[in-house]
Amino acid sequence: MMKNFLRKLINIFEPNHKFKRISYSQYGEDLIIKSIFREYLGIDKPSYIDIGAHHPFHLSNTALFYKFGCRGINIEANPDLINAFKQFRPEDQNLNIGITASNSENLDFYIMEQPELNTFLKKQAEELASKGYPIKKTINITCLKLSNIIQNYCNGKFPDLLSLDVEGLDEDVLGSYDFQATKPKIICVENLYADKDGFLRKNEMIRSILHENSYFLIADTFLNDIYVDSALIKHK
């Protein structure tokens, strides 16, 4: 009763409040994805797997869904970051592992002073360091294939949403996965890089892999591509 009364007062004295939308993603990707699930797929509470999750809320594509009662899996290779997920998103499964194209291998993981740039790629880490983003430390992390995660932690069924950001390995992860077995309804993948001349480019191999596996590019938010399983929507 009191909450409803306060909400009415806020709407009277601050009418813009009722139209406000909260987003945790960098460019509003969570609002786009939420709209697709609800308005086009009829799914109010999608499950998710967030690979390269980084932070339970900051720049997160899945935090909004958790707030609305959805549950899923967060995968973060940096052991310094995973505890925040255990504290603030305890009803999710929170895994401190890496995802690569090869199964059960240990790889060096380069933790940068700016943690959004953490990577398994030595060359990428060194290039970032040369541009003023120093390497904080290097640790060894156990990595699994995406298919292994789906089998062991999702009962063999892919969650509704895949959010993927693994700093340079996105193409390898997607290219090594068998989408014929089980697949997400929506994929949000970071797809932007600077070429050797400093020009921003899209990785066309990522787009080709997902097109070949019957995904439709429904949104490009500059940093991320958002895809929907073509079988679930009408499009030309």
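The values are calculated or read from the model by the stated rules, or taken from the named source; none is laboratory data. All of these numbers come straight from a predicted model, not from anything done at the bench. FYI the Cβ positions are ideal-geometry reconstructions off the backbone, even for glycines, and counts take in every protein chain you see.
Looking only at segment 100-109, filter to residues that are surrounded by 15 or more Cβ atoms within 10 Å (Cβ to Cβ) and either touching a residue at least 40 places away in the same chain (Cβ under 8 Å) or closer than 17 Å to Q151 by Cα (or both); which one of those is farthest from the chain's Cα centre (by Cα)?
Initially, segment 100-109 is screened for residues surrounded by 15 or more Cβ atoms within 10 Å (Cβ to Cβ), giving 100-101, 107, 109.
Next, only the ones that are either touching a residue at least 40 places away in the same chain (Cβ under 8 Å) or closer than 17 Å to Q151 by Cα (or both) stay: 100-101.
Values: T100: 15, A101: 17 Å.
In this case the residue turns out to be A101.
For segment 64-78, a tally of residues being at pLDDT 95 or above and under 22 Å from I150 (Cβ atoms) returns 8. Comparison of F57, F120, F68, F85 shows that the only residue that is on the phi < 0 side of the Ramachandran plot and in contact with a Gly (Cβ under 7 Å, 6 or more places away or on another chain) is F120.
From the list N191, N148, N155, pick out the single residue that is surrounded by fewer than 15 Cβ atoms within 10 Å (Cβ to Cβ) and closer than 16 Å to I51 by Cα.
Values: N191 fails: surrounded by fewer than 15 Cβ atoms within 10 Å (Cβ to Cβ); N155 fails: closer than 16 Å to I51 by Cα.
Going through N191, N148, N155 in turn, the sole match is N148.
For segment 18-36, the set of residues classified as touching a helix residue (DSSP H, G or I) at 6+ places or on another chain (Cβ under 9 Å), part of a helix (DSSP H, G or I) and crowded, with 16+ Cβ neighbours inside 10 Å consists of D30, I33, K34, listed by residue number. Residue count for segment 79-99, restricted to those that are at pLDDT below 95, buried (at least 21 other Cβ atoms within 10 Å of the Cβ) and either of a type in the set (A, V, I, L, M) or part of a loop (DSSP other than H, G, I, E, B) (or both): 1.
Taking residues in segment 205-225 that are touching a residue at least 60 places away in the same chain (Cβ under 8 Å), and partners anywhere that are assigned to a helix (DSSP H, G or I) and buried (at least 17 other Cβ atoms within 10 Å of the Cβ), the pairs with Cβ atoms closer than 6 Å and at least 6 places apart or on different chains are A219/I32; T221/E29; N224/E29.
Let's see how each residue does on (1) touching a helix residue (DSSP H, G or I) at 6+ places or on another chain (Cβ under 6 Å); (2) at pLDDT 95 or above; (3) small (G, A, S):
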position	(1), (2), (3)
K137	no, no, no
L161	no, yes, no
F179	no, yes, no
V189	yes, yes, no
A194	no, no, yes
F199	no, no, no
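Residues of segment 79-99 that are more than 16 Å from L164 (Cβ to Cβ) and touching a residue at least 60 places away in the same chain (Cβ under 8 Å): P79, Q93.
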